[in-house]
Amino acid sequence: MIKVGVIGCGYWGPNLIRNFVSCPDTELIWACDLDEKRLQRVLSPYPGVRGTPELEVILGDDRVDGIAIATPVYTHFPIAKACLDSGKHVLIEKPLASSVSQGDELINLAEKNNLQVMSDHTFCYTGTVRKIEETLQSGILGDLLYFDSVRVNLGLFQQDINVVWDLAPHDLSIVDFLINEKPISVSAHGVCHAGNGLENIAYVSLSYSNSFISHFHLSWLSPVKIRMTIICGAKKMLVWNDMDPAEKIKIYEKGIEIHKDDQEDKRQLLVSYRSGDMYAPRIDQTEALSLVVKEFADCIQEDRPALTDGETGLRVLRVLDAAERSIKADGANVRIDY
């Protein structure tokens, strides 16, 4: 069994702890948090797990194979670097780090020390996204035209990152997982209404070398919580409503047919509309995070990159960095450097 520790017991840490304890391939032996009262409360159901406020205690335990990091974004790099320097594999909550240079350094350090860096892009392990991948791979949607996502709610206003760095990694990791093409440029607009210099609403568009386009609406200032994605194909369209507990995915037999009239001006197009049935495929209900922790254990045991490895996290960082620069440049198109 892979012996692991969890750093950070705030919002996401307890979920990691629960899944590492229940995973048959892992043994959780340490948890760490600066707030000792919170640490004690989170670990109360797990008497076999030891707690400490000091990272060095876990790093010094030779039994520990891997460490999951669920701390504020600005701490990801120094904690992950310390773990890799100590010979520990790392699973890092999104985003991977605070900058492209930091993410690049972590990946190079892991390669140098023959260690695994895994990005906790949990959505890529959900039954919904896996079903969408299966649907796209089957080709029933036809050539893909666009990916349009809305991820809005009221709060939580972060103190160290803007809404793009907080919410966009979900959608960027999903697009990276589902779409074979890499985006070449990004245009983003954002506004801060809280007076702290951190954008709380943003619109981000990714351009590709073909006619495909991705667009994300992100907000902490919405009266309702919406988690909806439309993936449009030339043959069919897919709608993912993550707030619908029964039918998260609906596939529509809808679209358009474009005909050119050779007898008229070639600029004249005849558009007809196609409307057919809708169906909702069955979704695997396995908790995504249980698959994340199993993948972490498997990639360590099998000495292979994880499904969502460090390179995946680095690609997301590159888009976040370009989007940040675009916002500062009033929505200018910014090329994504790979």
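Throughout, read-outs are computed from the coordinates displayed, never taken from laboratory work. All values reported here derive from a predicted model rather than from experimental measurement. Neighbour counts run over all protein chains shown; Cβ positions are idealised from the backbone, glycine included.
Between the beta carbons of ASN180 and GLU56, assuming R0 = 41 Å, the FRET efficiency works out to 0.45 to the nearest 0.05.
Note on the chain: GNM, Cα springs under 10 Å; of SER205, SER22, SER44, the largest mean-square fluctuation is that of SER44. Look at the alpha carbon pairs under 8 Å that are at least 6 residues apart: their mean separation over the length of the stretch 71-173 gives a relative contact order of 27 percent. In the chain, Cα pairs under 8 Å separated by at least six residues give a relative contact order of 19 percent.
Legend: ranking of residues ASP242, ASP143 from fewest to most surrounding C-beta atoms inside 10 Å; resulting order ASP143, ASP242. Once the stretch 25-162 is represented by equal point scatterers at the alpha-carbon sites, with solvent omitted, what log10 I(q)/I(0) does the Debye formula produce at q = 0.09, 0.19 Å⁻¹? At q = 0.09, 0.19 Å⁻¹ the computed log10 ratios are -0.39, -1.20. With Cα atoms as the point set, the stretch 1-86 shows a radius of gyration and Dmax of 11.7, 32 Å.
Over the stretch 131-264, all Cα pairs binned in 5 Å intervals from 0 give whole-percent P(r) values of 2, 9, 18, 19, 18, 14, 9, 6, 3, 1, 1, 0, 0, listed from short to long.
Order these by the 10 Å Cβ neighbour count, fewest first: TYR273, TYR208.
TYR273, TYR208
In the chain, the alpha-carbon atoms span a convex hull of 161 Å³ per residue. Of all DSSP bridge pairs formed entirely within the chain, close to 60 percent run antiparallel. Among CYS23, GLY190, TYR208, flag the residue with its Cα farthest along the positive direction of the charge dipole of the chain, charges on Cβ as +1 for Lys/Arg and -1 for Asp/Glu. Going by the charge dipole, the pick is GLY190. About the centre of its Cα atoms, the stretch 1-126 shows a dipole size close to 320 debye [charges on the beta carbon of Lys, Arg (+1) and Asp, Glu (-1) only; nearest 20 debye]. Structural size metrics of the stretch 165-234, computed from C-alpha coordinates, are Rg and Dmax of 13.4, 44 Å. Our helix-only sum for the chain, with -39,500 (n - 2.57) per DSSP H run of n ≥ 4 divided by its residues, gives a mean residue ellipticity at 222 nm of -10000 deg cm²/dmol. Is there a pair in LYS37/LYS294; LYS37/LYS81; LYS88/LYS112; LYS131/LYS236 whose C-alpha atoms are over 22 Å apart, and which pairs would that be? Going by Cα-Cα distance, LYS37/LYS294; LYS37/LYS81 fall outside the 22 Å limit. Averaging 1/r over each pair of different alpha-carbon atoms in the stretch 214-338 and inverting the result gives 19.5 Å, the Kirkwood hydrodynamic radius. The order of ASP176, ASP61, ASP85, going from fewest to most other C-beta atoms within 10 Å of their C-beta, is ASP85, ASP61, ASP176. Placing unit charges on the Cβ atoms only, positive for Lys and Arg and negative for Asp and Glu, gives the chain a dipole magnitude near 620 debye about its Cα centre.
Here, the stretch 103-168 has an Rg and a Dmax of 17.2, 43 Å when only alpha carbons are counted.
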